[in-house]
1. Among the residues that make up the range 435-455, is at least one of them in a loop (DSSP other than H, G, I, E, B), surrounded by fewer than 14 Cβ atoms within 10 Å (Cβ to Cβ) and out of contact with any strand residue (DSSP E or B) (no Cβ under 9 Å at 6 or more places or on another chain)?
2. How about the range 324-349: which of its residues are outside any loop (DSSP other than H, G, I, E, B) and either within 16 Å of the chain's Cα centre (by Cα) or closer than 19 Å to residue 170 by Cβ (or both)?
3. Looking at the range 53-78, I want the residues that are at positive phi and have a partner that is at pLDDT 50 or above and buried (at least 16 other Cβ atoms within 10 Å of the Cβ) with Cβ atoms under 7 Å, at least 6 apart or on another chain. Which pairs are those?
4. Are any residues in the range 373-414 at pLDDT below 60 and in contact with a helix residue (DSSP H, G or I) (Cβ under 9 Å, 6 or more places away or on another chain), and if so, which ones?
5. Determine which member of the set 520, 551, 510 is touching a helix residue (DSSP H, G or I) at 6+ places or on another chain (Cβ under 6 Å) and assigned by TED's automatic domain parsing to the domain that holds residue 488.
6. Please count how many residues of the range 507-531 are over 30 Å from residue 439 (Cα atoms) and within 23 Å of the chain's Cα centre (by Cα).
7. For the structure I just gave you, tell me whether residue 541 is surrounded by 21 or more Cβ atoms within 10 Å (Cβ to Cβ), at pLDDT 95 or above, touching a helix residue (DSSP H, G or I) at 6+ places or on another chain (Cβ under 9 Å) and more than 30 Å from residue 134 (Cβ to Cβ).
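The values are calculated or read from the model by the stated rules, or taken from the named source; none is laboratory data. The structure presented is a predicted model; accordingly, all values stated were derived computationally and were not measured. Positions of Cβ are generated from backbone atoms using ideal geometry, with glycine treated the same way; all protein chains shown enter the neighbour counts.
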């Protein structure tokens, strides 16, 4: 496991054991947990004067609902334990300056920032600056860029900011991110901002479990579908027989059983153990943001969750996406978008009503979190019902099921476009590493989908305009490196759900060797998803320039979601020397082995 390689897997939660029989008694009504959060929905300290230890930068009051804001270039952060109560049961959390979310850090492009981080935990800790270009020694990944911050010690991060936009930061040690260590990181442009708005709000989505994350992880290792509340039932069987006939249904079920697949494997964790949060508030806590009629409001929306894909929308309000993973994109108007842990979107909204609901439902449809954008604090808007769950299709599980893999984007001819011919993505000749034949792999996809215009399971043809990767186009000037690729790296995202094993090319991190890159080279990276789950893949230390099948550069990202049975290519230029991490940003997938080291020399 990743955390056990870098840090001892020591839990410091208040309750280390889960009550016997807890999982066997999981509620059938999954809405109970995520709507029953306390209105306070925030942090409470275990001792009245405990915040005094955090120093001047943290203030002297407990921070709930909206994170305090600290600005540069010098910042002091203290990591410690604090009591929280999101569900009616007090639990111990890992907080930064006594806050969940952690303080928002607001810096300016071009400045050199100094961030002093003091560890008051009984175990080592770290902070990673997600999506930020910096020297590898400042990246904050224990075991690669440094040894972590020991109990009682202070580590000084110092680096110059070479970008602007919406980012975030979080722990890269054990499961601390899951217990509260995450916050927004906003970098203002050195010059004027190309994105204009009258007002802005940060919307940081996360998830929380009252159980010890280590215990949750152990249970998944024993039974990978333990928290799946959408398992096929007798009712589903009767419905399908009525619609499709008994022969077709029997053949389908037989195929699923032979492949050891479930069409409802959308997420490892659900509302059976997770409570969904918006800026540290439960739905009952109702995080609120203010605006005035006629204003253009910029929402900086961050998925800081540990294991949850969210589908975000504002019912009745159109969103204009203006930035993706911190960088500006050509404006695109949508009703909804899906994003996974690590991804960020900036949207502009101009509500024509006095109150509207910010609504984010989990991809598996077992829960949601909501807040309110209103002209007055007493106003509320209706909260929509969670959508019905959709099952994975055979294309999601097995790919295009065709030997013609020249899939096009939006119906365009594969030779269309304005790219250089040398950047054309070659036809797919699927190659599987010999290591994919081991016990860590339970399926392989030989006919991958390459369609970037697919919004994903549960969002197809839902009557709303849903953002897809093919909709995103970086504004002019973002791609400073337009050279053709001189080398290609292909990796397969692999796993075995029954063993709850996740890997790359069939190798868990402890059995793998580093990926070697040369400083300044232009590389094409192809990720081929041989699993039934979507993986948000995050490459540290460099940008990922997403390509379409014609070789056109679409959008520059730091985290790219790869859907089941999908094949995606991007270009990268490793400019900064050092040892970098490359992993799935679903925390349990990373910890279970879907992680590689990248060495740039």
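1. Taking the range 435-455 first, the residues in a loop (DSSP other than H, G, I, E, B) are 438-446, 448, 450-455.
Add one more test, that the residue is surrounded by fewer than 14 Cβ atoms within 10 Å (Cβ to Cβ), and what stays is 439.
With the extra rule that they be out of contact with any strand residue (DSSP E or B) (no Cβ under 9 Å at 6 or more places or on another chain), the set shrinks to none.
No, the conditions are met nowhere in the range 435-455.
2. Filtering the range 324-349 down to residues outside any loop (DSSP other than H, G, I, E, B) leaves 324, 327-334, 336-339, 344-349.
Across the range 324-349, the qualifying residues are 324, 337, 338, 339, 344, 345, 346.
3. 55/76; 55/78; 59/68; 65/42; 65/279; 65/280; 65/281; 65/287
4. Quick first cut of the range 373-414, residues at pLDDT below 60 only: 401-414.
Result: 401, 409, 410.
5. Values: 520 fails: touching a helix residue (DSSP H, G or I) at 6+ places or on another chain (Cβ under 6 Å); 510 fails: touching a helix residue (DSSP H, G or I) at 6+ places or on another chain (Cβ under 6 Å).
Going through 520, 551, 510 in turn, just one is touching a helix residue (DSSP H, G or I) at 6+ places or on another chain (Cβ under 6 Å) and assigned by TED's automatic domain parsing to the domain that holds residue 488: 551.
6. Step one: filter the range 507-531 for residues over 30 Å from residue 439 (Cα atoms), giving 518-523.
If we keep only those that are within 23 Å of the chain's Cα centre (by Cα) too, we end up with none.
Residues meeting the conditions: 0.
7. Numbers: surrounded by 21 or more Cβ atoms within 10 Å (Cβ to Cβ): yes; at pLDDT 95 or above: yes; touching a helix residue (DSSP H, G or I) at 6+ places or on another chain (Cβ under 9 Å): yes; more than 30 Å from residue 134 (Cβ to Cβ): no.
So residue 541 does not fit the description; no.
Yes/no per residue for (1) under 17 Å from the mean Cα position of the chain (by Cα); (2) under 23 Å from residue 304 (Cα atoms); (3) crowded, with 23+ Cβ neighbours inside 10 Å; (4) assigned by TED's automatic domain parsing to the domain that holds residue 541:
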site	(1), (2), (3), (4)
139	no, yes, yes, no
173	yes, yes, yes, no
183	yes, yes, yes, no
204	yes, yes, yes, no
228	no, yes, no, no
